[in-house]
Amino acid sequence: MPELDPEDAKIVTLARSARARGTADAGAAVRDEMGRAYTATDVVLPSLILSALQLAVAMAVSSGASSLEAAALVAEDGPTDADLAAVRDLGPKASVFVAGADGVVRAVLTPSSG
């Protein structure tokens, strides 16, 4: 895997930190068109279930972001179709960096790859 751009490496690190802070299975971060980053972990409540990536996208939207440049997910499993759909809603050209708990990027998903 090629070396990441510093801004992309930053959101992977932020996603990894979000995951490490709590007991969640996943941490995510997204970067908007202004370079602002939003982090999140999974939310599992009796009445609400959101993945880390869905919540990070929702936080960006609720903060006024109009588009996403990139997203990162740190989890044992990759993103679901719903995760990718949430990213594509706001960032149709955004790459999604998928990393393990160690922060090593295992895959880079682009709009044409998934």
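The values are calculated or read from the model by the stated rules, or taken from the named source; none is laboratory data. Source: prediction; values computed, not measured. Glycine also receives a Cβ, built like all others from the backbone with ideal geometry; neighbour counts cover every protein chain displayed.
Values computed for the structure shown
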| item | result |
| --- | --- |
| Residue within the stretch 16-29 that is in contact with a Gly (Cβ under 9 Å, 6 or more places away or on another chain) and β-branched (Val, Ile, Thr) present | no |
| Residue under evaluation residue 64, criteria (1) on the phi > 0 side of the Ramachandran plot; (2) touching a helix residue (DSSP H, G or I) at 6+ places or on another chain (Cβ under 9 Å); (3) of a type outside the set (D, E, K, R); (4) at pLDDT 95 or above, criterion not met | (2) |
| Single condition residue 44 does not satisfy, out of (1) at pLDDT 95 or above; (2) part of a strand (DSSP E or B) | (1) |
| Residues located in the stretch 40-54, provided they are within 17 Å of residue 79 (Cβ to Cβ) and surrounded by fewer than 22 Cβ atoms within 10 Å (Cβ to Cβ) | 42, 43, 44, 49, 50, 54 |
| Verdict on residue 27 being modelled with pLDDT of 95 or more and on the phi > 0 side of the Ramachandran plot | no |
| Residue ID - farthest from residue 18 (Cα to Cα), chosen from residues in the stretch 47-57 that are in contact with a strand residue (DSSP E or B) (Cβ under 7 Å, 6 or more places away or on another chain) and either among the basic types (Lys, Arg) or in a helix (DSSP H, G or I) (or both) | 57 |
